[in-house]
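The values are calculated or read from the model by the stated rules, or taken from the named source; none is laboratory data. As the structure is a computational prediction, the values presented were derived from the model and not from experiment. Cβ placement follows ideal geometry from the backbone for every residue including glycine, while neighbour counts extend to all protein chains displayed. To get the accessible areas, we keep the full protein, side chains included, count just its heavy atoms, and leave off ligands, DNA and RNA. Shrake-Rupley method; radii C 1.70, N 1.55, O 1.52, S 1.80 Å.
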Amino acid sequence: MIRWSALGIAAFAALAIGVLVGPAHLPPGTVWHAVLGRGDDVTVAIVRDLRIPRAVLAFSVGGSLAVTGAVLQALVRNPLADPYLLGLSGGAGLGAVGAIALGLSGTWALPAAAAFGALGAIILVYRLAIVAGAVLDTRILLLGGVVVSAFTSAIVGAIMALSPAEQLRNALLWLLGGFDGASWLTLTVFAAYAVFPLALLYRASRQLDLLSLGEEPAAYLGADVEPLKRLLYVMASVLTAAAVAVSGIIGFVGLVVPHAIRMLWGHTHRALLPAAFLLGGSLLAGADALARTVFAPLTLPVGVVTAVIGVPVFAVLVRRWAS
Amino acid sequence: MGKLVFATRDLTFQFAGARTATIRDVDLSISRGELVGIVGPNGSGKTTLLRLLLGTIVPDTGSVMAFGHPASQWKRRDLARRVGVVTQSEEPAFPLRVRQAVTLGRYAHLGPFEALGAVDRDAVAAALTRADAIHLADRWTATLSGGEWQRVRVARALAQEPEVLVLDEPTANLDLRHEMELFELVTDLVRHGMTGLIVSHHVNLVARFVDRIVVMHEGRIAAAGQPNDVLTLEVLERVFAWPLEIVRWDDVPQFVPKRKSSVR
Amino acid sequence: MEQRAIRRFNLRIREVGRVFCSRPTSVTALGVLALACAGSVPERGAPHERVVSLAPSITELLFSVGAGSAVVGRTRWASDPPEALAVPSVGDGLNPNVEAVAARRPDLVILYDSPANAGPAAQLRQLGIETAVFRMDRLDDVARGARLFGALIGVSDVAEEVAARFSAALDSARRVPRPTDRPRVLILAWDQPPIVIGAGSFQSELLDLAGAENVFADLAGPSGQVTIEIIAERNPDFVLLTGGVSDPSWGSRPEWQAVPAVRQRRFVIVDGSEFSYPSLRALTAVRRLRQALAEARE
């Protein structure tokens, strides 16, 4: 009970910080008034149209990435799995950088291109991992993901090498991840893509526990292994593609958060998945707030902040675990 | 005789890329309330046969039925409520406590959103006690010895409250006491109505406990029936490719492998 | 501003033939190098006749000081003055293709001063080609560059005249008092993530000379990534776009509506390479900018 309360408080605090804190230094009273719609136009717009959707979006993306990481770790039975290892975000990055390089314009060009890129990589890795009739070999999934990641990185490198310097810098900054595109519209679109997969994955919690034992024991304990693996992979892919489309490539959340929860909570997915969502969301909302304010008026890419936070935290966790 | 639990006819299966069939023309039936032992040397197809019976592998030709339906068409959940399986080996990807591990056996009885109830907790405790693993309940599975882990998995299979218990080389890591205790346990369960299927290469031990024995050799059934009828020197020396001596114990044949010097 | 001019000035006497390399030559080389490190332009050294310029700003300046006939290679982005288009392109200026540059048989290559060019510069020197690195980020660099290139190509007289004229015009433009009701302008380089131009860029200087205020003048560097939130807070009167795009698509995105200038489409649009890099046309650029701002205010 205490742990859930702590997570709940962390989540609330992260969201509150995301709304209260920002490069436009607004005192809490002003922020509160702005939430209610009182105050000058610009302040109200900043709070209601920028900060609130941004904080909620960062939270949602962080939570989704954490859940995806946990699910992929169970799927490939490897604690080092995360969405980036499986090539999913490499494809999205390729789609997005390609769109920037081709100069595609339009509000949704970038997210759509990222989503298509992610799906392309997903399909490629899936085809590689399907052996002799519809059996998803998770070892090939892992290897295939690494290979596709490397491939997409190489292509991205090539595109960037051939692009004018300015585009190169912009593509790189986009890839590093950020929530500058956050708005109520983006949030709604993301939620539309994320809610269903998250619900299905939670529903499969018990099956995830079984899958961690190995495919054969899982089957004998009642798991429909092949359909389960397909479901997990597809849902994880949709979540990752949506996250990358909305906010670029943000690492560490999908890898570190599930581990932190595992160490503190155990591996039962019925608790692990919701806890990971709350912790991942808090982490990313907090990281985004930090990214926006620590060097104000300049912003850091969120992916940089999560890495800087993530690596020492991970080191501490591993030491605790080893002892 | 009773109803048939498993029944196969002309069962044949070959792994892709294998030179010969792993299972060839196997006709086997296992009835309710029996304790059946499947013995044979390594590579004779014992584990593959189990997988075919349980529906995780689909045969090339022939049929295999479980509880009257084709084995591979069973929904895993439904089958898991009726059959508890202890595989040869298992390596969980993530650390678990023993109690948690055994609780996984209850999942087949729970809906996706259903919480664990008192019924489940009692079943887990009873299973752990039966398998002599209750004192391990709060240990991490990674810290268990091979034998302890085996007993925990037996407990998990018991927690499923199955009608049938299938054990693949269950005594591989067990010391003498636990080996005997496991066979006594299974015999006791069968006496109380469970059906038991044990795959083992311990011919002698199996012969002492089971109602029927099946001897496998290169994918075929070399002999099947009551131990006294079926376990002859001629069959076993051929199957195990080693000179043997028979003695009798517990009213069943026991085989002692001869040493090379005595043969000479 | 000194450090922004010549960062590194490498001279190496070209080997006529290894057999002729003698101690006196090396001593001379060392002497020249010593002078060069002190930052002054050596009197000795034959004027260079075949120059490859690896930045559009440098290309244009070379033509402006009358050294255009010596330019034998340019980057693919260089298009001013129109005469430059007749010069063969050697590809990119950043991390250039060394082979393509060497194929023009230059006796001098002028590169943009950036870490990405350190390797190629070293490679060119190993091939025996003299290199110079130069950075033109601010308006003061133009006159300095003109004088330097003049000395290198041997058109010092013309270059000195051009530089002096430009400096004088720039000085008098700078002495014009700033109006009291200066429009506050945002110079936006990219929309997602939002990248703005800071005081360290000549674009900011142009804006200042045109009688407007850069809302991000507190950013010392040439550019920086910020959030829409802070742009909204600073509430610029106009958004300056230098790419010539008349209707930026990002302007309709919901998150940008928090910035009143975007919501009300208060864009000032100019185009032309005089807005992409500092050049002798800077003061024309200032005039055009001033005009565009005046039109926008109506």
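Find out how many positive minus negative residues lie around A:T268, taking Lys and Arg as positive, Asp and Glu as negative, among other residues whose Cβ is under 12 Å from that of A:T268. So the environment of A:T268 carries a net charge of +4. Counting DSSP beta bridges with both partners in the protein assembly as shown, what percentage is antiparallel, nearest 5? Of those bridges, close to 50 percent are antiparallel. The Kirkwood radius of the protein assembly as shown, taken over pairs of alpha-carbon atoms, gives through the Stokes-Einstein law at 10 °C and 1.306 mPa s a diffusion coefficient of 48 µm² s⁻¹. Pairs of Cα atoms nearer than 8 Å and 6+ residues apart set the relative contact order; for chain B it is 24 percent. Solvent exposure of A:V189, expressed as accessible area, is near 50 Å², computed with a probe of 1.4 Å over the protein chains only. Treating only the Cβ atoms of Lys and Arg (+1) and Asp and Glu (-1) as charged, compute the dipole magnitude of chain A about its Cα centre; round to the nearest 20 debye. Roughly 500 debye for chain A. For chain A, the longest principal axis of the alpha carbon atoms and the long axis of helix A:165-175 meet at an angle near 70°. By its C-alpha gyration tensor, with a ≥ b ≥ c as the square roots of the eigenvalues, how is chain A shaped: rounded for a/c under 1.5, else prolate for a/b larger than b/c, else oblate? Oblate, since a/c reaches 1.5 and b/c is not below a/b.
Highest mobility in the GNM of chain A, judged by mean-square fluctuation with C-alpha springs under 10 Å and restricted to A:V146, A:V302, A:V71, is found for A:V146. As a calculated quantity, the FRET efficiency between B:R19 and B:T129 at R0 = 41 Å, using C-beta atoms, amounts to about 0.30. Charging the Cβ of each Asp and Glu at -1 and of each Lys and Arg at +1, and nothing else, the dipole of the range A:215-282 about its Cα centre rounds to 240 debye. The 3J(HN,Hα) values that the Karplus relation (6.51, -1.76, 1.60; θ = phi - 60°) gives for the range A:41-55 are, in residue order, 3, 5, 5, 4, 4, 4, 6, 7, 9, 10, 5, 5, x, 5, 5 Hz. Gly and Pro appear as x. In this structure the amide hydrogen of A:G248, modeled in the peptide plane, comes within under 5 Å of the amide hydrogens of A:G178, none closer than 5 places in sequence on its chain.
Close amide H partners of C:G224, meaning residues 5 or more places away or on another chain with modelled amide H under 5 Å apart, are C:V196, C:G198.
Once the 1.4 Å probe is applied to the protein heavy atoms, the range A:203-249 comes out at 21 Å² accessible per residue. Remark: the range C:121-137, residue by residue, has Karplus-estimated 3J(HN,Hα) of 4, 5, 4, 5, 5, 5, 7, x, 9, 6, 10, 9, 10, 8, 10, 10, 10 Hz, where x stands for each Gly or Pro and the curve is 6.51 cos²θ - 1.76 cosθ + 1.60 at θ = phi - 60°. When the trypsin sites (Lys or Arg not before Pro) in the range C:169-276 are filtered for DSSP coil states and for at most 13 other beta-carbon atoms within 10 Å of their beta-carbon, the remaining sites are C:R265. A DSSP coil position with no more than 15 other Cβ atoms inside 10 Å describes the following trypsin sites (Lys or Arg not before Pro) in the range C:52-138: C:R76.
Here the label points at B:T61 and A:V131, each 7 Å from Cα along the C-beta direction, are separated by 2.7 nm in the simple model. Expressed as a whole number of Å, what is the distance separating the alpha-carbon centroids of the range B:90-105 and the range C:139-184? If we compute the Cα centre of each part, the gap is 77 Å. With kT/(6 pi eta Rh) evaluated at 10 °C and eta = 1.306 mPa s, and Rh the Kirkwood radius from Cα pairs, chain B diffuses with a coefficient of 82 µm²/s according to Stokes-Einstein. Averaged over peptide A:41-47, the number of partner chain Cβ atoms lying within 10 Å of each residue's Cβ comes to 5. Tell me whether the range C:55-156 comes out rounded, prolate or oblate; compute the Cα gyration tensor, take square roots of the eigenvalues as a ≥ b ≥ c, and use a/c under 1.5 as the rounded threshold. Cα axes put the range C:55-156 in the rounded bin.
If you average the C-alpha positions of the range C:221-243 and of the range B:111-152 separately, how far apart do those two centres end up, in angstrom? Between the Cα centres of the range C:221-243 and the range B:111-152 lies a distance of 62 Å.
Spin-label model, A:L36 to C:Q123: label points 7 Å out along the Cα-to-beta-carbon direction sit 6.6 nm apart.
Using the Cβ of B:E179 as centre and a radius below 13 Å, the other residues enclosed give a net charge of -2, where K and R count +1 and D and E count -1.
Kirkwood hydrodynamic radius computed over the range B:143-253 comes to 15.2 Å, based on all pairs of distinct alpha carbons.
Interface between chains C and A: roughly 2800 Å² of accessible area buried, both sides summed (probe 1.4 Å, protein heavy atoms only). Hey, quick one: spin label on B:N228, modelled 7 Å out along Cα-Cβ, who in the range B:235-253 has an amide N within reach, i.e. under 15 Å? It comes to B:248-253, nothing else. For B:V39, neighbours were defined as the other residues whose beta-carbon sits under 13 Å from its Cβ, and their charges (Lys and Arg +1, Asp and Glu -1) total +1. A simple spin-label model places pseudo-atoms 7 Å from Cα toward Cβ; at A:A16 and B:R32 they are separated by 6.3 nm.
Ignoring lysines fewer than eight residues from B:K75 along the same chain, the ones with Cα atoms less than 30 angstrom from its Cα are A:K229, B:K3, B:K46. For the range B:115-264, calculate the relative contact order in percent as a whole number, restricting contacts to Cα pairs under 8 Å that are 6 or more residues apart. Computed over the range B:115-264, the figure is 15 percent.
Result for chain B in a Gaussian network model with C-alpha springs under 10 Å: among B:G45, B:G33, B:G117, the largest mean-square fluctuation is at B:G117. Ordering B:H202, A:H25, A:H259 by accessible surface, largest first, gives A:H25, B:H202, A:H259; the 1.4 Å probe counts only protein heavy atoms, with every chain in place.
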